[in-house]
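The values are calculated or read from the model by the stated rules, or taken from the named source; none is laboratory data. The structure presented is a predicted model; accordingly, all values stated were derived computationally and were not measured. Cβ atoms come from the backbone with ideal geometry, glycine included; neighbour counts cover every protein chain shown.
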Amino acid sequence: MGLVRLQFQREWRLLARARSEALNPLVFLIMTVTLFALALDGQAQALSRYAAGIFWVLVLLSSLLSLDGMFRRDFEDGSLEQILLLAEVPFLPIIGKMLAQWAATGLPVVLMSPLLGTVLQLPPEALGPLAGALLVGTPTVSMLGAVGAALVVGVRRGGALLGLLVLPLYIPVLIFGTAAVNGLAAGTGGVAQIYWLAAMSVLAVTLAPFAVHAALKISLENG
Amino acid sequence: MNGLKTLWHRLGSPRWFYQMMKPWQTGLGFVALVALLVGTVWGLAFAPEDYQQGNSFRIIYVHVPMVVLAQSAYMMLGSAGFVLLVWRMKMADVAMVAIVPVGMTVTAIGLFSGAVWGRPTWGTWWEWTDARLVSTLVLLFLYVGLYALREAIPRAESAGRACAVLAVVGLINIPIIKYSVEWWTTLHQGATFTATRMSMPIEMAAPLIVNIIGAYCLFGYLVLLNMRTELLRRERDTKWVGALRTEVIDGV
Amino acid sequence: MAFDSLGEFLAMGRHGLYVWLAYGVSVGSVVALVVAIRARNANIWQRLDEEESD
Amino acid sequence: MTVFVSIQGLSVSRGRNRLFEGLDLTLSAGDCVEVRGANGTGKSTLLRCIAGLYQDFQGELTAEPCAYLGHNDGLSALLTVEENLRWYAGLSGGSASSKDIAAALATLEASHLVRRQARALSAGQHRRVALARLPLLGHKLWLLDEPYTALDDAGTALVDGLIRDHCASGGAVMAATHADMSVSTAQCWVDR
C-alpha cells in the first residue's frame, strides 16, 4: 500500500505546484454551466427539469480535459516508464495516480454541485441527490477515462480521440446518474440507480488498473 | 485434446491459414449468396403482410440480420483482442483488422434500415424508444472508436494491441450499456409497443432465419477474404508468398 | 405470392418508399462492401507484381 | 558468478526492416559492456528489450530487474531534486533518507542542487541528478542509454567513477554510447 500513498502524494504535490492547470477542468465546468443558465434562464421552469441531465453531461465533458493530461506529463519526461520498470507491483502506483486524479476532479465537482445545481435552477431537494449521485458515479468516470488516457498518451493531439473512445462507455453513468437525481428529487425512487452507479464504480476500480497497465505498456513501446 | 492444440498452432501460421481457409471462403460466399437471395425474395414477396404495420414490417428481413451480426462481430472483436493480449497471437490482430470495417458497415446498415422502418411505424425518422436502435447507435460509436484508435497509432504492433485493450474493455461494458439503454427506453416508452420485437408466426419468421444464416455466411466470407488479403500484405516478403505468385495466374 | 400483381408488389401498400429505400441502401452497401474488399485483395496482388518486376 | 543478462539469437525488426539479428550476449557481475553501432541500428531498442519495455523480439532473453536510464532523464520538472530522488527510492521498494540522497548527489558533485526544482537545472545538472538515482535504486544491473550526453569532462569522469565502483562491488552495467568508454570491459556491436 506504500506505493499507492507514495504515488498519491507525488501527484498531489505536482497538482499543487501546477494549480492553474489542475483547476482548468473545474473552471470549464463552471463556465459551461453558466453558459447554459444564460441561454435558458428565461424559462427557469424548463431549465430545472433538465438541469440534472445537463450537469451530468458537463461533468463528463470536463473530465476529458483533466484526463488528457493525466499521463502526458510523466510520459514526456520519462518518469511514466519508470513506474512500470521499478515498481514491484505496477498496479499500485497506477491506482495511486487514478485516486489522485479523482480527488482533484471528481471530488471538487461533488463539493461544488449544490452551488452549480442552483445556478441551473435545480430545486433544493435535488441538490443532495445530485451530490450523492456524483460522489458514487465519478469514480467510474475517472477509472474508465484513465484507460482511454493511457491508450492515447502516445498519440499527438490525443484529446479529441480520447472523447471518442471514452464517451460511449460513459453512457450508463449518464443514464443512471440523471435518473437517480430526478427520481430522488421527485421522490419516485432513484435508489436503484444509485446502487447501479456504485456497482459500476466498484467494477471500474477493480478492473481498470489492469487495463491501464496494459495500455501504458503498449503506449510506452513506441516511446 | 492435442488435436485442438495443433489446430490452434496451425491457425497461427499465416501460410496454413491462407491456404486452408480458401475453400471455406468460397463455400461461405456461395451459401451466403443463395441464402440471402432466397430469404429476401421470400420475405419481400411471399411472407404475409403484418396486420398492424402492413408491408413496412418487411424491412425486418434486412434490419434484424444486420443488427444481430453487428453485435456478434463485436463479440468476435473482443475475443480476438483477448487472444492477442494473452497469447500474443499475430493472427488475432489480422482478424481484428479484418473485422472492424465489416462490422462498422454492417452496424451502419442496421441503423439506417431501422431508422427508415421507424418512419412509417412511428412517424419519426429516429425513434428513441426503440432499445435495439439506440444500442446499435452506441455500438457504431464503439466501432468508430476502434477504427480511429488504429489509425492514430503509427506502429502496427502497438496499434494492434491498443485496439485489443479497447475491444476487451468495450466488450465488458456492452452488457452494462445494453441494460442501461433498454431500461432508459422503457422509461420513455409510455404506451407505444416496441414494433421491432414481435412474436411472429412461422411463415413470417422463416425468411428471417434464412436471412440471418445468410448474413453470418456473408460475414464469414468477407472476414476470411479480408484476413487473407491482410496476410498477403503483411507477409509479402516471405518465400511462400513469392511461390504463390508464380503459381497463380489470375490472383484470388 | 402475397401480392396480386407486380404493380402492387412495387407499391407495397403505401409503404413502398420506405421498404425500397431501406432495401436499396442496405443491399447497395453490402455490394459496395464486397466489391471494396475484393478490390483490396486484387490491389495487393497487383502491387506484388509491380514490386516483383521492378 | 551471478549472470544478470543472457541473450541467445536475439533479433528485432521495426516494421518491415530488421534492426539486428542473431545477437548473443551474457552479462555477469563486474562486467561493463559498451553497446555500439551507428544511429538507428537498435542500440536503444536492445536496452529497452532487456529492461522489459519492448516485447517485439525473437530469440531468448532473460534479465534481472534493472535500473534503466533512457534518453530523457525521468525527472519531474515541478518537483525538487530531493523529491524526485525520494520518489525513485520509494518506487523501487526501498526508502532514501536525506543522508542517502546527499551521498548519491555527492558522488556526482551535485549536492548543492538538492533543494532546486528540476526545471531550474541545466542539461548537464539534469543528467547528473538522473544518474544520481542509480545507487539509490538498489538494483545490481544498470542499463544506461547514452549516459554521457550533456556532461562536461568533469561530469564524464565522475560517471566513470560511479560505474567503476558499481562494477567493483558486484554490479553490472550496459551502456549505449558513441565514444569509447574508459571503464568498459567489453564491446557489443549491434550492427556487425
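Return the residue satisfying two criteria in turn: it lies in the range D:50-83 and is more than 8 Å from chain A (Cβ to nearest Cβ) and part of a helix (DSSP H, G or I), and of such residues it is nearest to the chain's Cα centre (by Cα).
Once the filter is applied, the top-ranked residue is D:I50.
Consider A:A52 carefully, then state whether it is modelled with pLDDT under 90 and away from chain D (no Cβ under 14 Å). Full working, then the answer.
Working: modelled with pLDDT under 90: no; away from chain D (no Cβ under 14 Å): yes.
Criteria not met by A:A52.
So how many residues does the range A:122-161 have that are without any contact (Cβ under 8 Å) to a residue 60 or more places away in the chain and away from chain B (no Cβ under 14 Å)?
Of the residues in the range A:122-161, 5 are without any contact (Cβ under 8 Å) to a residue 60 or more places away in the chain and away from chain B (no Cβ under 14 Å).
For every residue, the table says whether it meets (1) more than 7 Å from chain B (Cβ to nearest Cβ); (2) at pLDDT 90 or above; (3) over 18 Å from the mean Cα position of the chain (by Cα).
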site	(1), (2), (3)
C:A2	no, no, yes
C:F9	no, no, yes
C:G13	no, no, yes
C:S26	no, yes, no
C:S29	no, yes, no
C:A32	yes, yes, no
C:V35	yes, yes, no
C:I44	no, no, yes
C:R47	yes, no, yes
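Taking the range B:231-243 as the region of interest, how many residues are assigned to a helix (DSSP H, G or I), surrounded by fewer than 21 Cβ atoms within 10 Å (Cβ to Cβ) and either more than 9 Å from chain C (Cβ to nearest Cβ) or at pLDDT below 80 (or both)?
Of the residues in the range B:231-243, 4 are assigned to a helix (DSSP H, G or I), surrounded by fewer than 21 Cβ atoms within 10 Å (Cβ to Cβ) and either more than 9 Å from chain C (Cβ to nearest Cβ) or at pLDDT below 80 (or both).
Answer yes or no: is there a residue in the range B:134-150 that is on the phi < 0 side of the Ramachandran plot and in contact with a His (Cβ under 8 Å, 6 or more places away or on another chain).
First pass over the range B:134-150, keeping only residues on the phi < 0 side of the Ramachandran plot: B:134-150.
Next cut, in contact with a His (Cβ under 8 Å, 6 or more places away or on another chain) only: none.
The answer is no; no qualifying residue exists.
The rows are residues; the columns are (1) surrounded by fewer than 20 Cβ atoms within 10 Å (Cβ to Cβ); (2) among the aliphatic types (A, V, I, L, M); (3) facing chain C (nearest Cβ under 10 Å); (4) over 22 Å from C:L21 (Cα atoms).
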residue	(1), (2), (3), (4)
B:M96	no, yes, no, yes
B:G114	no, no, yes, no
B:W122	yes, no, no, no
B:W125	yes, no, no, no
B:A131	no, yes, no, yes
B:S135	no, no, no, yes
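Among the residues in the range B:158-166, are any out of contact with any His (no Cβ under 9 Å at 6 or more places or on another chain), of a type outside the set (G, A, S), more than 7 Å from every other protein chain (Cβ to nearest Cβ) and crowded, with 24+ Cβ neighbours inside 10 Å?
Of all residues in the range B:158-166, those out of contact with any His (no Cβ under 9 Å at 6 or more places or on another chain) come to B:158-166.
Keeping just the survivors that are of a type outside the set (G, A, S) gives B:161, B:163, B:165-166.
So of that shortlist, the ones also more than 7 Å from every other protein chain (Cβ to nearest Cβ) come out as B:163.
Filter once more, so that each one left must be crowded, with 24+ Cβ neighbours inside 10 Å: B:163.
Yes: the range B:158-166 contains one or more residues that are out of contact with any His (no Cβ under 9 Å at 6 or more places or on another chain), of a type outside the set (G, A, S), more than 7 Å from every other protein chain (Cβ to nearest Cβ) and crowded, with 24+ Cβ neighbours inside 10 Å.
Kindly state which helices (runs of 4 or more DSSP H) lie completely within the range D:103-192 and contain at least 1 residues that are loosely packed, with under 14 Cβ neighbours inside 10 Å.
The helices (runs of 4 or more DSSP H) meeting that bar are D:123-132, D:153-168.
What about B:V62, is it closer than 22 Å to B:R234 by Cα, surrounded by 21 or more Cβ atoms within 10 Å (Cβ to Cβ) and either aliphatic (A, V, I, L, M) or modelled with pLDDT under 95 (or both)?
On the way: closer than 22 Å to B:R234 by Cα: no; surrounded by 21 or more Cβ atoms within 10 Å (Cβ to Cβ): yes; either aliphatic (A, V, I, L, M) or modelled with pLDDT under 95 (or both): yes.
Criteria not met by B:V62.
B:G118 is checked against (1) surrounded by fewer than 20 Cβ atoms within 10 Å (Cβ to Cβ); (2) at pLDDT below 95 and fails just one. What number does that condition carry?
(1) is the only condition that B:G118 fails.
Restricting to the range B:51-68, give me the number of residues that are within 10 Å of another protein chain (Cβ to nearest Cβ) and not in a helix (DSSP H, G or I).
Going through the range B:51-68 one residue at a time, the tally reaches 2.
Mind checking which residues of the range A:18-49 are surrounded by fewer than 16 Cβ atoms within 10 Å (Cβ to Cβ) and over 18 Å from the mean Cα position of the chain (by Cα)?
Passing the criteria: A:A18, A:T34, A:L35, A:L38, A:A39, A:D41, A:G42, A:Q43, A:A44, A:Q45, A:A46, A:R49.
Of the residues in the range A:52-79, how many are over 24 Å from A:L164 (Cα atoms) and among the hydrophobic types (A, V, I, L, M, F, W, C)? Full working, then the answer.
Here is the first cut: in the range A:52-79, the ones over 24 Å from A:L164 (Cα atoms) are A:77-79.
Cutting the leftovers down to among the hydrophobic types (A, V, I, L, M, F, W, C) gives us none.
Within the range A:52-79, residues that are over 24 Å from A:L164 (Cα atoms) and among the hydrophobic types (A, V, I, L, M, F, W, C) number 0.
Report yes if D:G42 is of a type in the set (G, A, S), within 8 Å of another protein chain (Cβ to nearest Cβ), crowded, with 20+ Cβ neighbours inside 10 Å and touching a residue at least 12 places away in the same chain (Cβ under 8 Å), otherwise no. If you could, list the steps in order and put the result at the bottom.
Working: of a type in the set (G, A, S): yes; within 8 Å of another protein chain (Cβ to nearest Cβ): no; crowded, with 20+ Cβ neighbours inside 10 Å: yes; touching a residue at least 12 places away in the same chain (Cβ under 8 Å): yes.
So D:G42 fails the test.
Among the numbered criteria (1) surrounded by fewer than 24 Cβ atoms within 10 Å (Cβ to Cβ); (2) among the aliphatic types (A, V, I, L, M); (3) within 11 Å of chain B (Cβ to nearest Cβ), which single criterion is violated by A:V212?
Status for A:V212: all satisfied but (1).
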